[in-house]
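Taking it in order: structure first as structure tokens, then the write-up.
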Amino acid sequence: MKILIVGSGGREHALAWKIAQSPLVKKIFCAPGNPGIAEVAECVDIEAENIDGLYNFARKQKIDLTVVGPEDALIAGIVDRFRDGHLQIFGPNKRASAIEGSKVFAKTIMRKHGIPTADFKVFEDIKQAKKHITTCEFPLVIKADGLAKGKGVFICKTLDDANKHLDDIMKEKIFGHAGDKVVIEEFLSGEEVSILAVTDGNTILPLSSVQDHKAAYDGDKGPNTGGMGAYSPVPFITEELQFFIEENILVPIIHAMKRESRPYKGIIYAGLIITSAGPKVLEFNARFGDPETQVLLMRMKSDLVPILVSTVTDTLEDADITWNECASICVVMASKGYPDAYEKGFPISGLETIKNFDDVQVFHAGTSMKNGKITTNGGRVLGVTALGKNIQEAQKTAYSAIQRITFEGGHYRSDIGVKAMYRKKEHSENNY
Ligand code: AMP
Ligand code: GLY
């Protein structure tokens, strides 16, 4: 088979790395890719948003299957375009990817179909939104409706704070039309966890549990990022809890999408918070997570390609996924300043040394090649991902590897996976 992967981050590097291990695959292209991906795939200079360019390339190269990484391409309708042209592509179409593209749509469908989520109200009018918040308890959460590069969610501690964010979103339009509507919702507390599943719209195949670390600094301090690290499996996601999530969240959302004439195929990613009243959905994403995919694919024993193909051909009921019993952890090394402004173009050293480490993969997230040297080219630069007998072992390996890598201003959290240890007991005492 010939496969095209769309995207250029750590998630796409992990996909390329895993797909390259499949005996079914003869050739992998990645658009636009990065220098890490270039070790296992041919990178082609077409941006992920250039749907026409990607379609023409896939047609010309007779690509058997295209796998889409980023949400923007899905929400812009890449899947519709490929399917209209009878090209196989993995991911939800434009109407179905509204589950990620519009928080108003996602919250409304959850409420309509009884899927547990924070209580909320939607506003198009800033005056009404401001009036509403005078009646709310704090903290409360304000979310811009559309895509905002992961920056559209505000946890507001005071009324002043909330008024300011409403002004920014609805008056100053800091996110453009993505802020035409807002969701104002109840603040939930609990541990966050990501449960991803593959679905062809009929069968749902959940993946192993993962915990992302969104905050920039240790102890979950600092601004939210795309994700500073992840680990899998999550010890407090017991089999019972995983089953509860499948029955009460994954099955109902896929059914609801079908009922709403938006049949869903691809990855459904449920961002959950485990409250004292049970799991609730914070958000749905329409794609593989980043860096969740890095740890999941390190642990996946099955060949990924037949799973992707079965999804596209509606035969997922015959597929199965097996997991390595080991734990996996990914520590993201980021540029100085990320998630705010940062400089790029610094040379990275130490990558060659890591190649000798067993059980470690360094997935490139934001890198480029300059005069034969790998340099930084993004906020999240590398995802150092390790396998181990358990989280502690994986953690030890990942941190011993990451210490060998240096670039100017490079930083990482030193507590990825720590929550796995101390939260386990607490949660095992809860019964939902
Ligand atoms: P979202 O993009 O909706 O997942 O929100 C981004 C992050 O904001 C989540 O990962 C949570 O850390 C936080 N968040 C979102 N909604 C809530 C909520 N209702 N209560 C508490 N925290 C939230
Ligand atoms: N790591 C969070 C996401 O992929 O959305």
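The values are calculated or read from the model by the stated rules, or taken from the named source; none is laboratory data. Predicted, not measured: the structure shown is a model, and the values here were computed from it. Note that we place each Cβ from the backbone using ideal geometry, even for glycine, and neighbour counts take in every protein chain shown. Accessible surface areas use protein heavy atoms only, side chains included; no ligands, DNA or RNA. Shrake-Rupley method; radii C 1.70, N 1.55, O 1.52, S 1.80 Å.
The table below lists the values:
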item	result
Percent carbon-and-sulfur accessible area, the range 64-198, ignoring ligands, DNA and RNA, probe 1.4 Å	51 percent
Range of Cα positions in the range 311-432 per principal axis (Å), largest first	52, 42, 33
Fraction of accessible area attributable to carbon and sulfur, the range 279-432 (%, probe 1.4 Å)	45 percent
Mean Cα-pair separation over length for the range 281-432, i.e. relative contact order, pairs under 8 Å, 6 or more apart, %	26 percent
Convex hull per residue volume in Å³, alpha carbons only, for the range 1-152	152 Å³
Full-extension gain in nm, Asp340 to Tyr422, via 0.36 nm per residue minus C-alpha separation	26.5 nm
Label-point separation in nm, Asn56 to Thr353, each point 7 Å along Cα→Cβ	4.6 nm
Directionally averaged projected area (convex hull, Cα atoms, the range 23-91), nm²	4.6 nm²
Kirkwood-based shape ratio for the range 70-228, expressed as Rg/Rh from alpha carbons	0.99
Check: the chain dipole with +1 on Lys, Arg Cβ and -1 on Asp, Glu Cβ, in debye	620 debye
Inter-centroid distance (Cα atoms) of the range 368-397 relative to the range 73-87, Å	32 Å
Rounded D (µm²/s) - the chain, Kirkwood Rh over Cα pairs, Stokes-Einstein at 25 °C, 0.890 mPa s	111 µm²/s
Two-decimal Rg/Rh across the range 131-205, once Rg and the Kirkwood Rh are taken from alpha-carbon atoms	1.10
Accessible area of the range 206-250 belonging to carbon and sulfur atoms, whole % at 1.4 Å probe	52 percent
Ratio of the Cα radius of gyration of the range 165-318 to 2.2 N^0.38 Å, where N counts its residues	1.14
In range of the label at Asn163: residues from the range 94-128 whose backbone nitrogen is under 20 Å from the point 7 Å along Cα→Cβ	123-128
Residues of the chain: accessible area per residue with a 1.4 Å probe, Å²	43 Å²
Whole-percent pair-distance distribution, where bins are 5 Å wide, for the alpha carbons of the range 1-49	5, 27, 38, 21, 8, 1
Separation of alpha-carbon centers, the range 222-264 and the range 93-148, rounded to whole Å	18 Å
More than 19 angstrom apart: percent of Cα pairs within the range 212-301	50 percent
